[in-house]
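J.: Dumping the structure here so I can ask a few things about it.
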């Protein structure tokens with residue numbers, strides 16, 4: 001039977017080398033890669049150097065920087081860009097120490113002499129929790145990139161809109177078309193001024209009675225994206241449904257439009 005090897009490394013920290021050696025041998029036989037350390041300072045160096053370290057197993061009572069201070073320093077170094085889970089080992093499980101450790105973000109603790117099987121189960125649980133935290137971080141980074149992309153696209157549409165508003169020579173066919181477009185813009189209620197160019201495009205097409213499918217075909221986007229834009233337009237204009245939106249943009253109902261957009 002093939003033994004499972006974890007992709008996550010375990011940082012094992014204790015000022016007693018014999019304990020570190022025993023814990024590392026046991027964890028490595030259970031499929032974990034370990035990084036042994038005999039001091040908090042050494043642990044911080046290893047943690048900064050090795051991004052594969054995601055689990056920390058450390059003693060509470062150590063000279064200089066204790067286990068809680070060590071984990072807090074690692075949290076400071078990680079910021080919002082790196083996740084890890086920590087388990088504390090202590091020779092004396094006093095209530096105030098346990099409370100302090102849990103408040104510091106330490107996930108679990110075990111009293112020495114440690115039951116290795118029990119500790120292994122706890123470490124495996126924290127590994128699962130770590131994967132979930134890492135997934136959340138990755139999704140957050142992707143959402144941030146999507147937000148930047150969305151803002152960039154919106155800027156492009158605004159630039160395109162500025163070009164469209166540039167007047168053409170008097171008497172040219174383009175000038176005639178531009179005059180028609182200017183009339184349409186004047187007819188749009190002020191409440192729609194807050195919309196982005198693409199949101200306004202979608203709103204205009206809804207006002208013409210087009211379906212989501214027709215709007216998607218005309219603008220070259222997916223139907224789901226159209227639904228998203230319609231939802232955004234309704235929220236920004238404080239309207240309840242697309243019928244109300246269509247009435248507000250209908251050229252034949254200016255009086256009704258004023259009542260609709262007044263709310």
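The values are calculated or read from the model by the stated rules, or taken from the named source; none is laboratory data. Not measured: the values here are computed from a predicted model. Positions of Cβ are backbone-derived with ideal geometry, glycine not excepted, and every protein chain shown enters the neighbour counts.
J.: Based on this model, can you work out whether residue 229 counts as under 31 Å from the mean Cα position of the chain (by Cα), modelled with pLDDT under 85 and surrounded by 14 or more Cβ atoms within 10 Å (Cβ to Cβ)? Spell out how you get there, then give the answer.
T.: Details: under 31 Å from the mean Cα position of the chain (by Cα): yes; modelled with pLDDT under 85: no; surrounded by 14 or more Cβ atoms within 10 Å (Cβ to Cβ): yes.
Spelling it out, it is not the case that residue 229 is under 31 Å from the mean Cα position of the chain (by Cα), modelled with pLDDT under 85 and surrounded by 14 or more Cβ atoms within 10 Å (Cβ to Cβ).
J.: Being surrounded by fewer than 19 Cβ atoms within 10 Å (Cβ to Cβ) and either closer than 21 Å to residue 7 by Cα or touching a residue at least 24 places away in the same chain (Cβ under 8 Å) (or both), is that true of even one residue in region 52-59?
T.: yes
J.: Hey, another quick one. Need at least 2 residues that are more than 25 Å from the chain's Cα centre (by Cα) and more than 18 Å from residue 35 (Cβ to Cβ) per element, so show me which strands (runs of 3 or more DSSP E) inside region 49-123 make the cut, counting only ones lying wholly within it.
T.: Counting at least 2 such residues, we get 108-111.
J.: Looking only at region 241-263, how many residues end up being at pLDDT below 85, more than 17 Å from residue 190 (Cβ to Cβ) and exposed (fewer than 11 other Cβ atoms within 10 Å of the Cβ)?
T.: Residues meeting the conditions: 1.
A quick yes/no check of all residues on (1) assigned by TED's automatic domain parsing to the domain that holds residue 52; (2) at pLDDT 90 or above; (3) within 25 Å of residue 49 (Cα to Cα):
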position	(1), (2), (3)
71	yes, yes, yes
91	yes, no, no
96	yes, no, no
121	yes, yes, no
126	yes, yes, yes
